[in-house]
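Participant: Sharing a structure below in structure tokens format, with a few things to ask.
What follows is calculated from the coordinates using simple rules that are stated; it is not laboratory data. On a predicted model such as this, the values are computed, not experimentally measured, just so you know. Cβ: placed from backbone, ideal geometry, glycine included. Neighbour counts: every protein chain shown.
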């Protein structure tokens, strides 16, 4: 019942569609997460308002800084007002928890964590290939657990849908998912853009 989304997915249509799906009492049955792409206070605040409107909710369970992947982004998030917007949103009860995501370099995740903000979650790639190269599992997972940060595993199949099982042929979909779920994570995000992928995930 963990639902992943983002302000910029499909130019906002993803949040709008999810908002419609959560009608008729379904909102209370899910843990709703979306992400903010803004790197300054004004854009972050506007995106919060957009997300609340599109999702048609009063509260977002988890609001995460989206795709923190370049060396300049931690500085922008911490120094150009984004942190203040995150804290204000939480204080006002518009969001419950705060986190960040990224999928390129563990060093950038490390900087986000080491700057001292009390992140509740971190979302990062965790799969059988990550273990061997630029490993979030080895470099970030232990640090997040030590700081009591909830870990959300993504790209469990390697990135594009089914990359590891379909292209590399190193493991099946169930094996990839079992590997990610065997790690000390809070939840696993796995894409499902077709009924076949949905059935495989289930």
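Participant: Taking only Cα atoms and a 10 Å spring cutoff, compute GNM fluctuations for the chain and point out the largest among 45, 123, 64.
Facilitator: 45
Participant: What value does region 96-143 have for Rg/Rh, both radii from Cα atoms and Rh as Kirkwood defines it?
Facilitator: 0.97
Participant: Something else: Quick one: plug the Kirkwood hydrodynamic radius of the chain (C-alpha pairs) into Stokes-Einstein at 10 °C, 1.306 mPa s, and report D in µm²/s.
Facilitator: Roughly 91 µm²/s, to the nearest whole number.
Participant: Over the chain, with a Gaussian network built from C-alpha contacts below 10 Å, which listed residue (21, 44, 180) shows the highest mean-square fluctuation?
Facilitator: The residue with the greatest mean-square fluctuation here is 21.
Participant: Taking neighbour Cβ counts within 10 Å as the exposure measure, how do 70, 156, 187 sort from fewest upward?
Facilitator: Values: 70 14, 156 26, 187 18.
So the residues, fewest neighbours to most, are 70, 187, 156.
Participant: Follow-up question, since we're still on this one. Given the rule -39500 (n - 2.57) for each run of at least 4 DSSP H residues, summed and divided by the residues of the chain, what is its mean residue ellipticity at 222 nm, to the nearest 500 deg cm²/dmol?
Facilitator: -10500 deg cm²/dmol
Participant: Here is a further query. What does DSSP give for the chain in terms of the percent of beta bridges that are antiparallel, rounded to the nearest 5? Before the final figure, lay out the partial values.
Facilitator: Details: 0 of 21 bridges.
Here the antiparallel bridges make up roughly 0 percent for the chain.
Participant: So, one more: Quick one: compute the contact order of the chain, relative version, from alpha carbon pairs under 8 angstrom and 6+ residues apart, as a percent.
Facilitator: 14 percent
Participant: Which value, in Å³ per residue, describes the convex hull spanned by the Cα atoms of region 1-101?
Facilitator: About 84 Å³ per residue, rounded to a whole number.
Participant: Right, another one. Give the order of 28, 40, 130 when sorted by the count of other beta carbons within 10 angstrom, beginning with the fewest. Please list the in-between numbers first.
Facilitator: Working: 28 6, 40 14, 130 23.
Result, fewest neighbours first: 28, 40, 130.
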